[in-house]
1. Out of the range 37-71, which residues are under 16 Å from the mean Cα position of the chain (by Cα) and in a helix (DSSP H, G or I)?
2. Take LEU31 and tell me if it is surrounded by 10 or more Cβ atoms within 10 Å (Cβ to Cβ) and at pLDDT below 95.
3. Within the range 1-36, track down each residue that is outside any helix (DSSP H, G or I) and under 18 Å from the mean Cα position of the chain (by Cα).
4. Please name all residue pairs, on different chains or six or more residues apart, with Cβ atoms under 9 Å, provided the first residue is in the range 57-71 and is open to solvent by 100 Å² or more (accessible area, probe 1.4 Å) and the second residue is β-branched (Val, Ile, Thr).
5. Out of the residues in the range 43-56 that are open to solvent by less than 90 Å² (accessible area, probe 1.4 Å) and among the aliphatic types (A, V, I, L, M), which is nearest to GLY14 (Cα to Cα)?
6. Based on what the data block shows, is GLU40 open to solvent by 100 Å² or more (accessible area, probe 1.4 Å) and not small (Gly, Ala, Ser)?
7. Between a first residue in the range 30-52 that is free of Cβ contacts under 8 Å to residues at least 24 places away in the same chain and a second residue that is open to solvent by less than 80 Å² (accessible area, probe 1.4 Å), which pairs have beta carbons less than 6 Å apart while being 6 or more apart in sequence or on different chains?
Amino acid sequence: MEKGKTPIVIGGTGLYANSLIYGIEYNEIKLDEQYRNELEKVDLETLYKQAQEIDPEAAAKVSENDRKRIT
């Protein structure tokens, strides 16, 4: 904006917009790759049932065929 130009932000998700508008910073998330690999070996039906037991409300928002989000 110092040069009199207005930036235009397009695409992405609301998370990107919120981080720019409200200065939200997303801390680096550390993943447990070993645990994730173990979950990949579990059949999807069992994994989804476990997700329902842990957080039924969140599980209800995810397709029972969406391995990535269930994991």
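The values are calculated or read from the model by the stated rules, or taken from the named source; none is laboratory data. Everything quoted here is computed from the prediction, not taken from an experiment. Cβ coordinates were reconstructed from backbone atoms using ideal geometry, including for glycine residues, and neighbour counts include every protein chain displayed. Protein only, heavy atoms only, side chains kept; ligands, DNA and RNA dropped before computing areas. Shrake-Rupley method; radii C 1.70, N 1.55, O 1.52, S 1.80 Å.
1. ALA51, GLU57, ALA58, ALA59, ALA60, ARG67, LYS68, ARG69, ILE70
2. Considered against the rule, which asks whether it is surrounded by 10 or more Cβ atoms within 10 Å (Cβ to Cβ) and at pLDDT below 95, LEU31 comes out as no.
3. Selection gives GLY11, GLY12, THR13, ILE24, GLU25, TYR26, ASN27, GLU28, ILE29, LYS30, LEU31, ASP32.
4. GLU64/ILE70; ARG69/VAL62
5. Top of the filtered list is ALA51.
6. It is false that GLU40 is open to solvent by 100 Å² or more (accessible area, probe 1.4 Å) and not small (Gly, Ala, Ser).
7. Listed by first residue and then by second, the contacts come to TYR48/ILE70; ALA51/ALA59; ALA51/ILE70; GLN52/ALA59.
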